[in-house]
Each structure stands twice: as C-alpha cells, then as structure tokens.
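Novice: The following block contains the structure, expressed as structure tokens.
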Amino acid sequence: MTESISTATYCYVHPGRETSLRCKRCERYICASCAQRTPTGYLCKECVSQHKKIFDTAFWYDYLTGFGVTFILSLIASGILAFVSAFIGFYMIFVSFAIAGGAGVFISNITLRATGKRRSRNLFILCAMGVVLGALPIALFQLYIGDMFSLIMLGIYAAVAAYTVYARISGIQL
C-alpha cells in the first residue's frame, strides 16, 4: 500500500477553493470562476486588466477630436441624404443602406486620420455616438416638417453608419 502525498493548491482570490489551474502570465493558482479564457490560455482578472491597458492609447484630446469629426461629417452626410430623399421619395429608404455604409467608411477613415489611429474603447463608443447625434438635428427638422420617409431613411443611416464607424475604428474586420 503506497500513500501519495499531495499538496493541495488553492485559488489566490478564493482561498477555500482547491484548483490546479494557473494563470499563464503570473503563474498564480486561479479557480474556474476567476479564470479568463484567452486564445492562448487562461489569465487571472488582474493580468487581463493590465493587458487591456496596453491597448488604450488615446489621449484626452482624441475624444474631442473624434466626436467633433464624426458629429460634423454625420451632420453634413445626413443633411445631404435628407435633401436627396426629397427628390427620390420611397426608394431612398433602400438606397440609404448603401449610402450609409459608404458614409460610415468615409467618416471612419477621416476620424482615424484625425485621431492618429490611437485606440480606446470609450473613443470608439464616443465616435459612434457622434454619428448618431450628428444625424439628430436633421432628423428633428424632418420630424417637424412631417417628412416620414426622410425620417425613416435618417434612422437607417444613423444605425448603419454608427455601426460601420464603430467597427472600422475599433479594427473589427467585416
């Protein structure tokens, strides 16, 4: 009869939980609820947050620049779309999907140049909000005059262009 002596290891966050899982970066023992799965292995929550800070490179003025550029360009694009929709009418709703995608690509390219391709999740969200808020004054004017086709078209534009800007600025490849 052989006895094996095993040393129990415990999670550094939850000392009452036995585990054999380790963080691949700091080598501390972590339980399944503390482990964050990555493509190359498991990390503890502290290492994940330290790793995210590496990719947050935006300066304070990038937030102002990104929002300002997306707001102004979206205001111009939505104004042009509302003007053109008066001549085309109902079919502009279908055309607005394509135009919104193209406008989103154009706005994101200009914004990337203006911000120097610096990154931050809050910057991406703020730029998408800039697109939506840029279309809002034109949408309110269309609501005031009662042009429902243009209002629907501007809603489509705001949704598609904001998604496109967010995806392209954050580096999501579609």
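Novice: Let me make sure I get this right: for region 120-174, a, b and c are the square roots of the gyration tensor eigenvalues over alpha carbons, sorted descending. Under 1.5 in a/c it's rounded, otherwise prolate if a/b > b/c, else oblate. Which is it?
Specialist: On the way: a/c = 5.97, a/b = 2.25, b/c = 2.65.
Taking the square roots of the gyration eigenvalues as a ≥ b ≥ c, region 120-174 is oblate.
Novice: Let me ask something else. Can you list the residues, at least 5 places off or on another chain, whose amide H is less than 5 Å from the amide H of residue 42, using H built in the peptide plane?
Specialist: Answer set, sorted by chain and number: 24.
Novice: Going by alpha carbons, how many degrees (0 to 90, nearest 10) lie between the helix axis of 92-115 and the longest principal axis of the chain?
Specialist: Approximately 60 degrees, to the nearest 10.
Novice: Compute the acute angle (0 to 90°) between the alpha-carbon long axis of helix 60-88 and the principal axis of greatest extent of the alpha-carbon atoms of the chain; round to the nearest 10°.
Specialist: With rounding to tens, the tilt is 40 degrees.
Novice: Moving on. Could you list which residues have their amide H under 5 Å from that of residue 9, counting only those 5 or more apart in sequence or on another chain, with H placed in the peptide plane?
Specialist: When sequence neighbours closer than 5 places are left aside, the close amide H contacts are 19.
Novice: Which listed residue (73, 105, 19) has the Cα farthest towards the positive end of the charge dipole for the chain, taking +1 on Lys and Arg C-beta and -1 on Asp and Glu C-beta about the Cα centre?
Specialist: Checked the options; the winner is 19.
Novice: With runs of 4+ DSSP H residues as the only contributors, calculate the mean residue ellipticity of the chain at 222 nm using -39,500 (n - 2.57) per run, divided by the residue total and rounded to the nearest 500.
Specialist: -22500 deg cm²/dmol
Novice: Can you work out the Karplus-derived ³J(HN,Hα) for every residue in region 36-45? Use 6.51 cos²θ - 1.76 cosθ + 1.60 with θ = phi - 60°, whole Hz, and x for glycine or proline.
Specialist: 10, 6, 10, x, 10, x, 9, 10, 7, 5
No lab work stands behind these numbers, since they all come straight from the coordinates. What you see is a predicted model, and the numbers here were worked out from it, not measured in a lab. All Cβ positions, glycine included, derive from the backbone under ideal geometry; neighbour counts span all protein chains shown.
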